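The values are calculated or read from the model by the stated rules, or taken from the named source; none is laboratory data. As the structure is a computational prediction, the values presented were derived from the model and not from experiment. FYI the Cβ positions are ideal-geometry reconstructions off the backbone, even for glycines, and counts take in every protein chain you see.
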Amino acid sequence: MAKQPSRDDPSKPKQHGYEYKKQFYQSSEVAADYDEHRFRTPKRQRRNARKWAAIQKALASTNGVKTIVDLPCGTGRFTGHLARAGYQVVGSDISIEMMQQAAKLPAVQHANIAGYVRADAEALPFAAKSVDAIMSIRFLFHVDPETRRRMLREFGRVSRRWVIADYRHKYSIRYGVWRLSRALGLTKRPFERVSVKSMKAEFEDAGLRVLEIIPVRRGLSDKWVVLAESGHSDPESLKLRLKDTHYADVEVTDKLGEGKRSVVYRARWRGREVSVKVYKPAAIARHACKHKVPLAEFEHRRNKAFFEAPGMARFVAEPLGFIVEPGFQMSLQECLDGEVYYFAKRDRAPFISPRFIDDLAELVRLSHEARLYDIDLHAMNVMVDRQTGGPKLFDFNQIPFTERPQNPLVGLALKLGLLGKGSRDLRKLARFDNFDRVERKLLKFYEARDGAG
Ligand SMILES: C[S@@+](CC[C@H](N)C(=O)[O-])C[C@H]1O[C@@H](n2cnc3c(N)ncnc32)[C@H](O)[C@@H]1O
């Protein structure tokens, strides 16, 4: 008869926190006790069976998976299951002691287990795009949100496509009780749990897209198994993704920047320098709710309309192409040599022309003549060309309010002619040098990126 797990068992962590746990399992005593403590009682075996069922559901939604890295594999709780299910598995963990234990256990012996590799999830020793899937169970929820994002990014770098991980969510009675106890001052114990939104944001920030959230036991467990796929917003997956398209000859060189909607890379293409904008999955989905033309195509078309408007080419980055495919959208544009106005002005860049604001006014006038409105003119959205010192537009993903008014009153005012189609541009032009709004927006962006938990 299996003994009941107790708080005094050597493998029961005695403290909270990732740094402690990272060290904790690197001990033979802990590794030797781990299975006994975790999996031997019938209740725990049922719990493991439910977790494995959820993992199988996630795997059933993938395709083309042959190789999996089980990270961290611990003592191989699921390594043997994966091997028996027909996958080629590599077990990986920071603790040699845990992996040695796995290699000894009868349930973890199978020809499909290719071996074990010591690895730190923060910097994996595996080559980019070297496996079909990475599976990470009972791990990420021990890690602080910032480190977790870095780890997810690593998973996305190494995995050709799929990432499967479990998370602890906040939609449980236990979480409610903890919130209440904390409010009443009865506990100070941390109890980090994620919402759907914060969990998706973590994956998104790491360039991954959540495809499925599988509750381990609906209503009765606070665990999810999450299936995500690589969103192709890291250079390696982008190169792979482009290989099968008619932009296979685009050579991605480096990352230029990252915004809320996209990640932008510098690349060489047909003898020139270009920029490749890879849209983030959430941005694609948000746009799809508002407009029937997909985001990449929408931006390309609007870019083209501005570029081809009489007299405008000198003010606009040349649009070169786009791709819209399931799970992947990108657009290709001339790579501008310059600095976004906000930073150029802040750093008193000597190349800003004294005529800059006059040029901007001319740009607005020509756009309106061509019936193009709502340019989204602000200091982060206009580049200062290093050669001419004048303005260059490069961002065209905003749906103009003239096409889609944000509320019915604005729509009515437009119809009745009480609001001019170009009014917003003229207003933005007049306060172009006032950075208050831009700085507030920037601050919000950095807070959302760095602070979500
Ligand atoms: C609770 S166990 C989970 C193991 C296994 N997936 C399971 O479900 O039984 C956590 C494991 O994470 C490993 N670990 C901790 N920090 C790590 C890191 N930075 N990189 C890789 N493994 C790590 C520990 O050595 C330990 O084996």
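For the stretch 211-247: of the residues being assigned by TED's automatic domain parsing to the domain that holds Arg266 and among the basic types (Lys, Arg), which is modelled with the lowest pLDDT?
Checked the stretch 211-247; the qualifying residue modelled with the lowest pLDDT is Arg241.
Confirm whether Ser28 is among the polar types (S, T, N, Q), within 13 Å of the ligand (Cβ to nearest atom) and touching a Phe, Trp or Tyr at 6+ places or on another chain (Cβ under 9 Å). Spell out how you get there, then give the answer.
Details: among the polar types (S, T, N, Q): yes; within 13 Å of the ligand (Cβ to nearest atom): yes; touching a Phe, Trp or Tyr at 6+ places or on another chain (Cβ under 9 Å): no.
Answer is no for this residue.
Can you name the residue in the stretch 73-87 that is touching a helix residue (DSSP H, G or I) at 6+ places or on another chain (Cβ under 7 Å) and assigned to a helix (DSSP H, G or I) and, of all such residues, is nearest to the ligand (Cβ to nearest atom)? I'd like the intermediate steps shown before the answer.
Our first condition is that a residue be touching a helix residue (DSSP H, G or I) at 6+ places or on another chain (Cβ under 7 Å); within the stretch 73-87, this holds for 73-81.
Okay, now just the ones that are also assigned to a helix (DSSP H, G or I), so 79-81.
On the way: Thr79: 8, Gly80: 11, His81: 11 Å.
Restricting to residues being touching a helix residue (DSSP H, G or I) at 6+ places or on another chain (Cβ under 7 Å) and assigned to a helix (DSSP H, G or I), the top hit is Thr79.
Only one residue in Lys129, Lys66, Lys51 is near the ligand (Cβ under 9 Å from one of its atoms) and over 17 Å from Ser11 (Cβ atoms). Which one?
Lys51
Pick from Gly86, Gly76: which is without any contact (Cβ under 8 Å) to a residue 40 or more places away in the chain and closer than 21 Å to Glu212 by Cβ?
So the residue among Gly86, Gly76 that is without any contact (Cβ under 8 Å) to a residue 40 or more places away in the chain and closer than 21 Å to Glu212 by Cβ is Gly86.
Take Gly156 and decide whether it is on the phi > 0 side of the Ramachandran plot and assigned by TED's automatic domain parsing to the domain that holds Thr62.
No, not satisfied.
Find the residue count for the stretch 125-150, including only residues that are without any contact (Cβ under 8 Å) to a residue 40 or more places away in the chain and either crowded, with 19+ Cβ neighbours inside 10 Å or in a strand (DSSP E or B) (or both).
Count: 1.
If we scan the stretch 96-113, do we find a residue that is surrounded by 15 or more Cβ atoms within 10 Å (Cβ to Cβ), touching a residue at least 40 places away in the same chain (Cβ under 8 Å) and more than 12 Å from the ligand (Cβ to nearest atom)?
no
Report yes if Val65 is outside any helix (DSSP H, G or I) and surrounded by 16 or more Cβ atoms within 10 Å (Cβ to Cβ), otherwise no.
yes
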